[in-house]
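Worksheet: one structure, shown below.
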Amino acid sequence: MKGRFVKDIKGFTGLEAAITLIAFITVAAVFSYVLLGAGFFSTQKGQEVVHTGVQQVSSSMEIVGSVIGYGNTTSNELKGTVFTIQLTAGGQPIDLSKTVITIVNPKDGQSVELKYNASTTSSQDAATASQYGVYWVTTVNTGGADSYLEEFEKAEIYIDLEAAGFTLNPNEVFLIEIKPPMGATYPLELKVPPSIDPTMVLLQ
């Protein structure tokens, strides 16, 4: 009987099994670290999105006192309006140089956007057909006011309605929308009084 050759089949040795196990553990650890890192990153980004969303839907400013109107008794029209703004409690500073004020007359659909223009003497001096005038009533900057509305500061805003092309008669309603670069738009719905006087309080 001729001899037969049998193929030598060997199983894993203990060392090979240990190396394979270590490799699996290493891969699993790296994969877990990547997933954990991605989870932390997603959580952080989610918190940032929520914080930004809260800032965007909440208004940081408020009106102080009444909204005053100046009337043209000759033409029996409202010629301008002035009001004072400040930050709400805990509100973020607002750059007025990047804040747009829109005036809307719902009666005829007329709409005009006004940009920032400051004065050191009077808000009326700085108001034009395309700009709202700003006079800093109080400021925290010792070197003079900048364009930022900050805590404890008050800014007087004057809008020259006549120069902007608006004709507003007694009992007519118009809208003012203050749009800061960050945060919600602050809307004002105002009504011209039944009688036009040189100075009067506008109805809200």
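Points to keep in mind about this one:
- Entirely in the range 119-204, the strands (runs of 3 or more DSSP E) that have 1 or more residues that are surrounded by 14 or more Cβ atoms within 10 Å (Cβ to Cβ) and touching a helix residue (DSSP H, G or I) at 6+ places or on another chain (Cβ under 6 Å): 131-138, 154-160
Yes or no, residue by residue, for (1) of a type outside the set (S, T, N, Q); (2) outside the structural domain of THR138 (by TED's automatic domain parsing); (3) modelled with pLDDT of 65 or more:
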{"site": "GLY3", "(1), (2), (3)": "yes, yes, no"}
{"site": "LEU21", "(1), (2), (3)": "yes, yes, yes"}
{"site": "VAL27", "(1), (2), (3)": "yes, yes, yes"}
{"site": "SER66", "(1), (2), (3)": "no, no, yes"}
{"site": "THR74", "(1), (2), (3)": "no, no, yes"}
{"site": "LYS79", "(1), (2), (3)": "yes, no, yes"}
{"site": "GLY90", "(1), (2), (3)": "yes, no, yes"}
{"site": "PRO93", "(1), (2), (3)": "yes, no, yes"}
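- Number of the exception - LEU114 against (1) surrounded by fewer than 20 Cβ atoms within 10 Å (Cβ to Cβ); (2) out of contact with any Leu (no Cβ under 6 Å at 6 or more places or on another chain); (3) aliphatic (A, V, I, L, M): (1)
- Sole residue being closer than 16 Å to ALA163 by Cα, out of contact with any Cys (no Cβ under 9 Å at 6 or more places or on another chain) and touching a residue at least 12 places away in the same chain (Cβ under 8 Å), chosen from SER123, SER97, SER111: SER123
- Qualifying residue in the range 171-187 (condition: in the same structural domain as THR102 (by TED's automatic domain parsing), of a type in the set (D, E, K, R) and under 25 Å from the mean Cα position of the chain (by Cα)): yes
- Scope the range 65-99; condition under 19 Å from the mean Cα position of the chain (by Cα) and under 27 Å from PRO193 (Cβ atoms); matching residues: THR84, ILE85, GLN86
- Hits in the range 87-118 - residues which are closer than 22 Å to LEU175 by Cβ, in a strand (DSSP E or B) and not hydroxyl-bearing (Ser, Thr, Tyr): ILE94, VAL100, ILE101, ILE103, VAL104, ASN105, GLN110, VAL112, GLU113, LEU114, LYS115, ASN117
- Check on THR128, farther than 22 Å from GLU189 by Cβ and among the β-branched types (Val, Ile, Thr): yes
- Selection within the range 139-185 - in contact (Cβ under 8 Å) with a residue 60 or more places away in the chain and among the β-branched types (Val, Ile, Thr): ILE157, ILE159, THR167, VAL173, ILE176, ILE178, THR185
The values are calculated or read from the model by the stated rules, or taken from the named source; none is laboratory data. These figures come from a predicted structure and were not determined experimentally. Every residue, glycine among them, receives a Cβ derived from its backbone with ideal geometry; neighbour counts consider all protein chains shown.
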